[in-house]
Amino acid sequence: MKSLILIIPTLTIGLWEYVRHAFLLPYISMDLGNWLAPLLVFLVTMTLLRKLFAMIEVMQEELQKERAAKAALEEREKMAQELHDGIAQSLFLLSVRVDRMEQSHAGRWNDSLQSAYQSLRKTVYEVNEYVRQAIASLRYPANPASRPWLESLQHLVAEFKQDTGIAVELNWSLTDNRLTLKEKVELYSTIREAMINVYKHAGASRLWVEGKDVREQGWRCVIKDDGAGFAPGSEPDSGGGFGLAMIRDRADKLKWTFEVQREQDLTMVVIGKEETDDTTDPDSTRR
Ligand SMILES: Nc1ncnc2c1ncn2[C@@H]1O[C@H](COP(=O)(O)OP(=O)(O)OP(=O)(O)O)[C@@H](O)[C@H]1O
Ligand SMILES: [Mg+2]
């Protein structure tokens, strides 16, 4: 654009002089031609060049805004990193220690100690969860177009693969705008918990994480593993750990469906959302 601004007056005058000498000599006197030349350049400057200048200004403004947004994002990323490396790591250690405490004192506790221990464990779990959510939401999109949410999911999968040696496949075709920001944060935590469960309990060698659209508004997310499956009595709602209970809680709050299935030697944790109420889908009014 800058080159255009520089070259347009020269071109205009060159073109004018050429046309004038080649075609217009019989019609336009030398004097009139001399007057017309600066007038023409002035007109071109006022119309075309002014527009170009305005465009440059807009572009510069946008660039400025983008820079500011990027700086803000970087700042958030840095905060997330600090939270992750500091508090989240210590909390993880704390939860490992609390888990060990139970193992090393198994059977030697009376009821009140046991329930105090359980509530301690629950609090540790919840704080862990909050910090992770804070980290996740710090990393989230100020600008949804850049899809950092999917990136954090990919990141989670890659990290999990590396830490556990379990082969994870991510098949994600769920349209981003079907999830609100809150849902993204919650779904991320849900997927992470389900994946950690596979590592902790399933003895699986493969894990699939899938997300896809369902009809006009809904979606379905499945975390699938080829492990041993739920032992009898350990199903969700049987009151064992907190992970599945938290998933159930979230599902209730956000009106998601949540179930655990076993199909062809695969354990599946299925979370989904049906069509919303304001849908125009005729089927949903019948349901
Ligand atoms: N993918 C899975 N395959 C087999 N069993 C599972 C799977 N996921 C969960 N379970 C069973 O469900 C139980 C409850 O899981 P939950 O996540 O609620 O608790 P936890 O993982 O034991 O503890 P916490 O999540 O509180 O650290 C587990 O103890 C385990 O027996
Ligand atoms: Mg768990």
With respect to residue 194, is the statement that it is near ligand 1 (Cβ under 10 Å from one of its atoms), of a type in the set (Gly, Ala, Ser) and under 22 Å from residue 257 (Cα atoms) true?
yes
Please enumerate the residues belonging to segment 206-220 that are on the phi < 0 side of the Ramachandran plot and in a loop (DSSP other than H, G, I, E, B).
216, 217
Output the residues belonging to segment 214-231 that are open to solvent by 50 Å² or more (accessible area, probe 1.4 Å) and either under 18 Å from the mean Cα position of the chain (by Cα) or near ligand 1 (Cβ under 9 Å from one of its atoms) (or both).
220, 228, 230, 231
Restricting to segment 230-260, what's the tally of residues that are at pLDDT 90 or above and in a loop (DSSP other than H, G, I, E, B)?
2
List the residue pairs whose Cβ atoms are under 7 Å apart, where the first residue sits in segment 186-207 and is among the charged types (D, E, K, R), the second is within 12 Å of ligand 2 (Cβ to nearest atom), and the two are 6 or more positions apart or on different chains.
193/243; 193/246; 193/247
Those residues that are open to solvent by less than 50 Å² (accessible area, probe 1.4 Å), over 21 Å from residue 226 (Cβ atoms) and either under 12 Å from the mean Cα position of the chain (by Cα) or among the β-branched types (Val, Ile, Thr) (or both), I need them from segment 159-191; list them, please.
174, 176, 179, 183, 184, 185, 186, 187, 188
Does residue 31 satisfy being in a helix (DSSP H, G or I), of a type in the set (D, E, K, R) and exposed (fewer than 10 other Cβ atoms within 10 Å of the Cβ)?
yes
Looking at 51, 122, 78, which one is surrounded by 12 or more Cβ atoms within 10 Å (Cβ to Cβ) and assigned to a helix (DSSP H, G or I)?
122
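The values are calculated or read from the model by the stated rules, or taken from the named source; none is laboratory data. On a predicted model such as this, the values are computed, not experimentally measured, just so you know. With ideal geometry, Cβ positions are generated from the backbone for all residues, glycine too; neighbour counts draw on all protein chains shown. Note: accessible area is taken over every heavy atom of the protein model, side chains too, but ligands, DNA and RNA are not part of it. Shrake-Rupley method; radii C 1.70, N 1.55, O 1.52, S 1.80 Å.
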